[in-house]
Structure formats: structure tokens, C-alpha cells
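Beneath this line is the structure, given in C-alpha cells, with notes to follow.
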Amino acid sequence: MGTIKTTNIEPIADNGTVTLGSSGDTFTVPSGVTVNMSSATQTGVGGANTPSFHIRKSSNQTGLSSGGWTKITFDDEVFDTDNAFASDKFTAPSDGKYFFTSAAKINDGGTNTLVGSGMRFTINGAIAAEEIHFMVNGSNSAEGKSVTAVLNLTASQYVEVYAYAQDNGGAACSITGGNDRDTFFMGFKLIG
């Protein structure tokens with residue numbers, strides 16, 4: 001075994017290919033060595049944060065039972081790289097950790113007395129992450145809510161989004177849809 005010291009390696013032919021090693025070989029980059037590929041065209045390195053998706057509501061969702069959790073329906077697909085979102089849920093195509101975020105504008109029942117609102121993620125129907133807020137000394141006509149989480153999923157597990165609304169008078173509440181800022185659900189698989 002020996003050491004080759006040089007400052008430049010190029011293929012014999014212009015625009016040719018240089019191959020390092022063969023199948024089964026390992027190349028080790030020691031600690032402290034910097035590999036600068038900032039100007040290079042990189043292929044086959046790193047990874048992609050896929051599957052990834054972004055879904056939103058195109059119209060309002062009414063009939064949210066006051067004091068209860070209601071599944072949010074989504075009908076406007078911005079993108080879905082692996083067709084993993086269908087029937088208002090994301091189904092993991094492979095094992096791994098996934099980042100999810102969702103937000104909704106939750107409205108009272110028309111009485112200006114929304115006293116509580118929240119959002120949650122469920123995995124196969126079981127609560128996985130939740131954010132809820134109750135207004136102790138007052139009420140609103142609407143409140144923006146969000147929930148964000150990294151969830152560890154196995155292939156075929158599914159994630160759904162639920163909203164909580166409580167109207168002080170018990171009236172049915174609603175969720176605003178219609179643009180990207182009101183109600184959405186998005187996520188992607190983490191590299192690693």
C-alpha cells in the first residue's frame with residue numbers, strides 16, 4: 001500500500017470519466033478534511049426530502065360540533081410527490097421520521113363567543129400531537145391555530161388533522177378555506 005500525493009486528477013480524454021475503486025470498496029474521508037463541492041454538479045449524494053406534500057382547503061368547512069374534535073377535510077392539492085395524500089390523510093409509503101405542520105382559521109358559531117380552539121395530528125386514529133387554547137377572560141369570533149410535529153411512522157401508517165372549536169353558546173363552528181393562508185396541511189420525510 002502506498003500514498004499518492006498530487007494536486008490535480010483529470011481523465012485522459014477531455015470531458016471523460018474518472019472512476020475511483022470498484023463495487024464493494026470504501027473510501028474514507030478523515031475527520032478534519034473539507035470536501036468542497038460548492039461549484040460542482042452533484043448527483044447521487046445527499047438525499048431528497050420526499051415524499052412531500054402541500055394540501056389546502058378551497059372552501060369553508062361548516063358543522064364543527066362545539067366542544068368536540070372534527071376531522072379537517074382537504075381538497076386542493078398544491079403538490080404530492082409520491083401520491084401519498086388521499087381521502088384527507090397522509091399515508092407513509094416508507095418507515096422514517098416525518099415533519100408535519102398544519103394550520104386553520106377556526107370560527108365561532110356567529111355569536112362572537114369562540115372560547116376555545118385547537119388542532120391535533122392523529123396516527124391511525126390515536127392522538128400524536130396537539131395544541132389547544134382556552135380563552136379564560138374573553139372570547140373571539142375567530143382564531144388561527146396550528147400544530148407542528150416530527151412523527152416517527154412505519155410504512156402504511158396514516159396521519160390526519162383534527163380541529164377543536166368551542167362556542168360559548170354551543171353553536172356549531174366553522175373553518176375558513178379559500179386561500180393558502182387560511183387552512184393547510186403539509187409535510188415531508190426527513191433525510192437520515
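Only the coordinates and a few stated rules stand behind these numbers; no lab work does. Keep in mind it's a predicted model, so treat the numbers as computed, not measured. Neighbour counts run over all protein chains shown; Cβ positions are idealised from the backbone, glycine included.
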* **Per residue convex hull volume, Cα atoms of the stretch 1-101, in Å³** => 247 Å³
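Any idea what the dipole of the chain comes to, in debye rounded to 20, about its Cα centre with Lys/Arg Cβ at +1 and Asp/Glu Cβ at -1? Mind dumping the intermediate values first?
Working: 11 positive and 18 negative charges, 65 e Å.
Using Cβ point charges on Lys, Arg, Asp and Glu, the chain gives about 320 debye.
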* Counting pairs of alpha carbon atoms under 8 Å apart in space and at least six apart in sequence, what relative contact order in percent does the stretch 91-148 give? -> 44 percent
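Within 10 Å, count the other beta carbons around each residue, average over each peptide in 108-121, 22-35, and list them highest first.
Put in order of decreasing packing, that is 108-121, 22-35.
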* **Which of SER52, SER102, SER38, SER59 has the fewest Cβ neighbours within 10 Å, and the rest in rising order** => SER38, SER59, SER52, SER102
* Asked: Between the stretch 59-73 and the stretch 24-38, what is the C-alpha centre distance in whole Å?
  -> 53 Å
* Asked: How long, wide and thick is the chain, going by the Cα atoms along their three principal axes, in whole angstroms, largest first?
  -> 82, 31, 30
* To do: Report the relative contact order of the stretch 8-127, percent, no decimals, based on alpha-carbon pairs under 8 angstrom and at least 6 residues apart.
  => 16 percent
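List the chymotrypsin sites (Phe, Trp or Tyr not before Pro) within the stretch 161-192 that fall in a DSSP loop (any state other than H, G, I, E or B) and whose Cβ has at most 16 other Cβ atoms within 10 Å. Mind showing how you got there, number by number?
On the way: sites: TYR162, TYR164, PHE184, PHE185, PHE188; in loops: none.
Counting only loop positions with at most 16 other Cβ atoms within 10 Å, none of the chymotrypsin sites (Phe, Trp or Tyr not before Pro) in the stretch 161-192 qualifies.
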* Asked: Just the projected area, averaged over all directions, of the convex hull on the alpha carbon atoms of the stretch 97-149: how many nm²?
  -> 4.1 nm²
